[in-house]
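Report on the structure given below.
The values are calculated or read from the model by the stated rules, or taken from the named source; none is laboratory data. Every value quoted in this text rests on a predicted model; they were computed, and no experiment measured them. When we count neighbours, we look across all protein chains shown, and the Cβ atoms used for this are built from the backbone with ideal geometry, even at glycine. When the accessible area is computed, the model is the full protein with side chains, heavy atoms only, and any ligands, DNA or RNA have been set aside. Shrake-Rupley method; radii C 1.70, N 1.55, O 1.52, S 1.80 Å.
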Amino acid sequence: CSFEEVFTPELYDKWVELLEDLDISHQVYLYSMSANKTPVDLKVAFLVELAEPLVELVKNKTGEFKSLSPGKRGTSLKNCLDALITKYGHEIFEKEIKVDRDSFLQILVNSRVRIMHIKNQQKGKHLDGNESVLYMLKISFLYRHILLSLLGIDGTEMTKQIKQSMNSLNNWNNVLGRLLIKMRE
């Protein structure tokens, strides 16, 4: 969306409030997306981990996700990802969902677990380096879509832009094609 069309003093105030509510989550997002020397698998693991605080934020701001309770022995990370993708990320993850939603969500969770709980010979499918780059970008689109929605910015133009961007990302070096094959195995 055009900055000049949506930016108002009221929107700025909502943004400041949203930043306070996001707390460290937004800093994690910014650090994960920055051009630093952090490996992409670590960056994507942190972005996947943001699903839990984002569910809490959406729940508190909109009343959506009333039945979800992320955290200790509450709603799983996989269920948080599923809820966010269902509500905000259909256009972003359309191809993955069509092939095998459950397998895709499990790959994201496994990628996070692989990095955050370091062990030798971990089981389960996870993202490789190129896939991590792709999903850093896709999760970034999801994150931004959620924040813009919470700010009350009209999603019609945003959805058009997301679809155009996903066409490019989904065709990047056949990374998505290889992941879809991995999901079917």
(request) At 1.4 Å probe size, with no ligands or nucleic acids counted, give the accessible surface of SER76 in Å², nearest ten. (result) 50
(request) Search the structure for amide H atoms under 5 Å from the amide H of THR75, placed 1.01 Å from N in the peptide plane, and list their residues when 5 or more places away or on another chain. (result) SER69
(message) Suppose each label sits 7 Å from its Cα in the direction of the beta carbon; what would the LEU42-ASN130 distance come out to in nanometres?
(response) 2.4
(message) At 1.4 Å probe size, with the rest of the protein present, what percent of the exposed accessible area of region 1-140 is carbon and sulfur atoms?
(response) 53
(request) With label points built 7 Å along Cα→Cβ from the Cα atoms of GLU17 and TRP172, find their separation and express it in nm. (result) 3.4
(request) For the chain, set up a Gaussian network in which alpha carbons nearer than 10 Å are linked by springs, and say which option among PHE93, PHE65, PHE46 fluctuates the most. (result) PHE65
(request) Work out from phi, with θ = phi - 60° and the Karplus expression 6.51 cos²θ - 1.76 cosθ + 1.60, the ³J(HN,Hα) of each residue of region 179-185, listed in order in whole Hz, and give x for Gly and Pro. (result) 5, 4, 5, 4, 5, 6, 5
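Full-extension gain between VAL6 and ASP100, please, as 0.36 nm times their residue separation minus the C-alpha to C-alpha distance.
30.2 nm
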(message) Using a probe radius of 1.4 Å on heavy atoms only, what accessible surface per residue do you get for the chain? Whole Å² is fine.
(response) 57
(request) Scan region 1-93 for trypsin sites (Lys or Arg not before Pro) in coil per DSSP, keeping those whose Cβ has at most 15 other Cβ atoms within 10 Å, and list them by number. (result) LYS37, LYS66, LYS72, ARG73
(message) Classify region 34-185 from the C-alpha gyration tensor, please: rounded if a/c falls under 1.5, else prolate or oblate depending on whether a/b exceeds b/c.
(response) oblate
(message) How large is the accessible surface of ARG144 in square angstrom, using a 1.4 angstrom probe and rounding to the nearest 10?
(response) 100
(request) Kindly flag which residue pairs out of LYS43/LYS125; LYS66/LYS95; LYS87/LYS182; LYS37/LYS182; LYS61/LYS87; LYS95/LYS182 have an alpha-carbon separation exceeding 20 Å in this structure. (result) LYS66/LYS95; LYS87/LYS182; LYS37/LYS182
(request) Pop out the ³J(HN,Hα) list for region 145-159 in order, Karplus 6.51 cos²θ - 1.76 cosθ + 1.60 with θ = phi - 60°, rounded to Hz; leave Gly and Pro as x. (result) 4, 4, 5, 5, 5, 5, 7, x, 7, 3, x, 4, 5, 4, 4
(request) Please list, in chain and number order, the residues 5+ apart from LEU127 or on another chain whose amide H is under 5 Å from its amide H, with Hs placed from the backbone. (result) SER111
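Magnitude of the Cβ-charge dipole of region 1-158, K/R +1 and D/E -1, about the Cα centre, nearest 20 debye?
Once rounded to the nearest 20, the dipole reads 1020 debye.
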(request) Calculate one ³J(HN,Hα) per residue across region 123-135 by plugging θ = phi - 60° into the Karplus curve 6.51 cos²θ - 1.76 cosθ + 1.60, and present them in order as whole Hz with x for glycine and proline. (result) 8, x, 6, 9, 6, 8, x, 5, 5, 4, 4, 4, 7
